[in-house]
Amino acid sequence: MRAARPEECAALTDLCLRSKAHCGYDAAFMDACRAELAVTPAILAAGPVQVIEAEGRPVAMAQVVVTGRRAGLHKMFVDPAHMGRGHGRALVDWARATARAAGAVEMDIEADPCAAPFYERMGARVVGDVPSGSIPGRRLPLLVLDLRDG
């Protein structure tokens, strides 16, 4: 695991798109999400981003943004060919430790519906929903991970 680098924004964007498409979304849906899933230098500057790489390319990533006692888990994606290898768990553990170290006590996760069960297995609980940033009228599960627990 290592910090993301600005010169790999295009590769990280591709990773986000591959991971999102794994949920079975069609081309029109993916086109609508493209801007929101883009990784830019400004995104990288907003909070630490960790990358897991294999064979010299990013295969998983996550970002933590901390504001006071709350954190947000952003842009957590795993390449479909690398799912089930513990990368997601490793990134959640990293995010939890990073947010705690910055003073956060809870971490918000706006999840894709197909990813929500994973976050629940990591200890997060669904507390409501939020509007999609890409698809008008679509709602996404909002989960909270208590950082005071183990």
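The values are calculated or read from the model by the stated rules, or taken from the named source; none is laboratory data. Just so we're clear, the structure is a prediction, and the values are computed from it rather than from any experiment. All Cβ positions, glycine included, derive from the backbone under ideal geometry; neighbour counts span all protein chains shown.
Structure above, values below:
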item: Ala60 at negative phi and surrounded by 13 or more Cβ atoms within 10 Å (Cβ to Cβ); result: yes
item: Residue ranges of helices (runs of 4 or more DSSP H) in the stretch 1-88 with at least 1 members under 17 Å from Phe118 (Cβ atoms); result: 9-21
item: First in the stretch 94-119 and in contact (Cβ under 8 Å) with a residue 60 or more places away in the chain, second anywhere and buried (at least 22 other Cβ atoms within 10 Å of the Cβ), Cβ under 6 Å, 6 or more apart; result: none
item: Strands (runs of 3 or more DSSP E) (entirely within the stretch 95-150) containing at least 1 residues that are exposed (fewer than 12 other Cβ atoms within 10 Å of the Cβ) and modelled with pLDDT of 95 or more; result: 125-131
item: Number of the exception - Ala10 against (1) farther than 21 Å from Arg148 by Cα; (2) at pLDDT 95 or above; (3) surrounded by 13 or more Cβ atoms within 10 Å (Cβ to Cβ); result: (3)
item: Residue match in the stretch 22-45 (condition: surrounded by 20 or more Cβ atoms within 10 Å (Cβ to Cβ) and at positive phi); result: no
item: Selection status of Val92, more than 22 Å from Cys16 (Cα to Cα) and either out of contact with any strand residue (DSSP E or B) (no Cβ under 9 Å at 6 or more places or on another chain) or of a type in the set (A, V, I, L, M) (or both); result: no
item: All positions within the stretch 64-91 that are under 10 Å from the mean Cα position of the chain (by Cα) and free of Cβ contacts under 8 Å to residues at least 40 places away in the same chain; result: Gly72, His74, Met76, Gly88
